[in-house]
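The values are calculated or read from the model by the stated rules, or taken from the named source; none is laboratory data. Here the structure is a predicted model, which means the values were calculated and not measured. Every residue, glycine among them, receives a Cβ derived from its backbone with ideal geometry; neighbour counts consider all protein chains shown. Remember, those area values only see protein heavy atoms, side chains included, never the ligands or the DNA or RNA. Shrake-Rupley method; radii C 1.70, N 1.55, O 1.52, S 1.80 Å.
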Amino acid sequence: MDILEVQNLCKTYGTGETEVHALNHVSFSIRKGEFIAITGESGSGKSTLLEVSSR
């Protein structure tokens, strides 16, 4: 059983030349009992993913 499923998530900040794609078609699921870690370089979208997922 999935407790969280994300499909094709996109988040863009700004417009035109200042447009930044923080998340670009991210998909994943977390099943009951699984443990996950969100890792990556600075600016890779970790905090944006957590902020969007918590809504």
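Some points to look at:
- Test: residue in region 31-49 that is assigned to a strand (DSSP E or B), within 11 Å of the chain's Cα centre (by Cα) and not basic (Lys, Arg): no
- Every condition in (1) surrounded by 10 or more Cβ atoms within 10 Å (Cβ to Cβ); (2) among the charged types (D, E, K, R); (3) not in a strand (DSSP E or B) is met by residue 5 except one, and the failing one is (3).
- Output for region 29-43, where each listed residue is without any contact (Cβ under 8 Å) to a residue 24 or more places away in the chain and open to solvent by 60 Å² or more (accessible area, probe 1.4 Å): 33, 34, 35, 36, 37, 38, 39, 41, 42, 43
- Filtered residue count, region 8-28, keeping only those that are surrounded by 10 or more Cβ atoms within 10 Å (Cβ to Cβ) and within 15 Å of residue 53 (Cβ to Cβ): 7
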